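Report on the structure given below.
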Amino acid sequence: MKVLAIETSTERVSVAACEGERQAVLEVAGGAQASHTLLPAVGQALAQVGLSLNQLDGIAFGQGPGAFTGLRTACAVAQGLALGAGLPVLPQDSLSLIAEDARSRHPEVQRVLACWDARMGQLYWAALAWQGDHWVAHAPIQVSHPSAVQWPVDWGPLANAPDAAVAGQWLAEDPERRTSALGPHRWIDARPTASAMLALWPSAWQRGLAVDPADALPLYVRNKVADTTAEREALQAAKAQAQAPTAP
């Protein structure tokens with residue numbers, strides 16, 4: 001199939017285009033620059049495989065969770081391009097892409113506790129199991145303090161399991177902090193990529209997960225993406241009061 005994949009949920013813009021086995025993968029600056037760098041990267045990726053938008057079978061995009069602006073950018077661009085070319089779009093969640101990025105480099109990994117920095121001292125996370133051609137989440141994606149991240153109880157002991165790993169991004173790249181929360185584990189530095197999206201496309205397409213562009217939506221998980229000014233001021237005041245010396 002002829003596919004364009006767009007992933008902008010992190011600080012990097014990842015774009016890939018393919019026609020069968022022929023692929024072009026590009027990574028450029030993301031974050032605040034994503035709105036300026038994404039469309040040129042799309043054009044370059046398509047040109048490298050000799051495709052135009054009208055020749056595509058569909059467009060995949062990373063729906064999140066992840067950076068708020070990045071998710072909106074990916075969804076809006078995928079929708080606009082798909083509407084103009086009369087194509088379906090295929091939303092794919094970021095944590096499945098993290099798990100697939102880990103598996104692509106470590107094929108023995110079949111169970112992944114995927115994590116990503118959600119800001120505000122929290123992590124997005126989900127436990128995913130490989131089902132032969134796609135990832136299945138043990139439970140809906142969650143956002144919580146790192147201390148609440150946990151292995152599924154029914155996965156059993158995982159300290160020495162060769163097929164299990166924690167992958168993605170922790171709040172601080174400190175193995176001791178992760179170990180204190182999760183116990184001994186294998187760690188894989190992975191992230192959501194357009195390449196992972198292409199790898200998961202065939203199964204997702206066959207399972208009917210493509211949607212009309214008008215129905216495509218980002219996956220925020222947490223509707224509240226930042227504290228208000230009043231909340232930040234109240235938090236700072238509370239910290240100042242807690243740190244103030246007490247009267248003798």
Q: Could you list, in sequence order, all residues of the stretch 72-109 that are within 20 Å of GLN206 (Cα to Cα) and without any contact (Cβ under 8 Å) to a residue 60 or more places away in the chain?
A: GLY86
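Quick check: is even one residue across the stretch 64-75 touching a Cys at 6+ places or on another chain (Cβ under 9 Å), more than 30 Å from TRP155 (Cα to Cα) and in a strand (DSSP E or B)? Break it down stepwise before answering.
First, pick out the residues of the stretch 64-75 that are touching a Cys at 6+ places or on another chain (Cβ under 9 Å): 64.
From what is left, the residues that are more than 30 Å from TRP155 (Cα to Cα) are none.
No - not one qualifying residue is present in the stretch 64-75.
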Q: Identify the single condition in (1) in contact with a Lys or Arg (Cβ under 7 Å, 6 or more places away or on another chain); (2) farther than 17 Å from LEU87 by Cα that GLY64 does not satisfy, given that it satisfies every other one.
A: (1)
Q. Which residue out of GLN44, GLN48, GLN63 is outside the structural domain of ALA114 (by TED's automatic domain parsing) and touching a residue at least 60 places away in the same chain (Cβ under 8 Å)?
A. GLN63
Q. From the residues in the stretch 85-133 that are of a type in the set (Asp, Glu) and surrounded by fewer than 22 Cβ atoms within 10 Å (Cβ to Cβ), which one is nearest to ASP163 (Cα to Cα)?
A. GLU108
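Can you tell me how many residues within the stretch 194-212 are assigned to a loop (DSSP other than H, G, I, E, B) and either within 27 Å of ALA148 (Cβ to Cβ) or in contact with a Gly (Cβ under 7 Å, 6 or more places away or on another chain) (or both)? So that I can check it myself, show each step before the final result.
First, pick out the residues of the stretch 194-212 that are assigned to a loop (DSSP other than H, G, I, E, B): 207-210, 212.
From what is left, the residues that are either within 27 Å of ALA148 (Cβ to Cβ) or in contact with a Gly (Cβ under 7 Å, 6 or more places away or on another chain) (or both) are 210.
Of the residues in the stretch 194-212, 1 are assigned to a loop (DSSP other than H, G, I, E, B) and either within 27 Å of ALA148 (Cβ to Cβ) or in contact with a Gly (Cβ under 7 Å, 6 or more places away or on another chain) (or both).
Residue-wise test of (1) over 27 Å from THR69 (Cβ atoms); (2) without any contact (Cβ under 8 Å) to a residue 12 or more places away in the chain.
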| site | (1), (2) |
| --- | --- |
| ARG111 | yes, no |
| GLY132 | yes, yes |
| ALA165 | yes, no |
| ALA210 | no, no |
Q | Number of positions in the stretch 105-128 that are touching a Leu at 6+ places or on another chain (Cβ under 9 Å), of a type outside the set (A, V, I, L, M) and within 15 Å of TRP151 (Cα to Cα) | A | 4
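The values are calculated or read from the model by the stated rules, or taken from the named source; none is laboratory data. Here the structure is a predicted model, which is why all the values come from computation and not from measurement. Cβ sites come from the backbone with ideal geometry, for glycine too, and all protein chains shown count toward neighbours.
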